[in-house]
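Asks: Could you have a look at this structure, given as structure tokens, before my questions?
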């Protein structure tokens, strides 16, 4: 294992804020979903690397739940941190906040959970530090991680069965 045996969720915190420009928007003048998904994977991978201090790969993206549109007059802030860990895997929670730059009104625009695996120099999975949740949000996410893990396993089994019948 690299580094300490335990790390606080806050030690993997990543915050990215961007302005929404016209080239970032779709025909509804809202942020392209794909652009936001790229931002999400970017910050989540940094959180996973900060927690593990290893190379990491995205193992899954559970979902990206778009809650409210992000408009061209908004800034978009993403906050990510490791919310739970397995042996070599890390669940990263990302919340996306849209802020109207004229009024200051802030809204939770999206949430996402991603799973990363830490790798050693030979590309093999490596053990990661345990995570210590502190805030109410961190504790709640850590306590409910088992439910999300079960859903991930079920979804993966379904995907593998589906892959056996899909033609190339």
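The values are calculated or read from the model by the stated rules, or taken from the named source; none is laboratory data. Given the structure is predicted, the values throughout are model-derived calculations rather than measurements. Note that each Cβ is placed from the backbone with ideal geometry, even for glycine, and that neighbours are counted across all protein chains shown.
Asks: Could we say that residue 8 is in contact (Cβ under 8 Å) with a residue 12 or more places away in the chain, within 28 Å of residue 152 (Cβ to Cβ) and over 15 Å from the mean Cα position of the chain (by Cα) here? Step through it out loud before you land on a result.
Replies: Numbers: in contact (Cβ under 8 Å) with a residue 12 or more places away in the chain: yes; within 28 Å of residue 152 (Cβ to Cβ): yes; over 15 Å from the mean Cα position of the chain (by Cα): yes.
Yes; evaluated as a whole, the condition is true for this residue.
Asks: Restricting to the range 17-52, what's the tally of residues that are surrounded by fewer than 17 Cβ atoms within 10 Å (Cβ to Cβ), in contact (Cβ under 8 Å) with a residue 12 or more places away in the chain and assigned to a loop (DSSP other than H, G, I, E, B)?
Replies: Residues meeting the conditions: 3.
Asks: Yes or no: residue 107 at pLDDT 95 or above, over 26 Å from residue 5 (Cα atoms) and in a strand (DSSP E or B)?
Replies: The answer is yes for residue 107.
Asks: Counting just the residues of the range 128-164 that are out of contact with any strand residue (DSSP E or B) (no Cβ under 8 Å at 6 or more places or on another chain) and not in a helix (DSSP H, G or I), which one comes out surrounded by the fewest Cβ atoms within 10 Å (Cβ to Cβ)?
Replies: For the range 128-164, the residue satisfying everything is 164.
Asks: Anything in the range 65-93 that is more than 14 Å from residue 145 (Cα to Cα) and touching a helix residue (DSSP H, G or I) at 6+ places or on another chain (Cβ under 6 Å)? List them, or say none.
Replies: Scanning the range 65-93 gives 78, 80.
Asks: Please enumerate the residues belonging to the range 70-99 that are at pLDDT 95 or above, surrounded by fewer than 16 Cβ atoms within 10 Å (Cβ to Cβ) and touching a strand residue (DSSP E or B) at 6+ places or on another chain (Cβ under 7 Å).
Replies: Matches in the range 70-99: 75 only.
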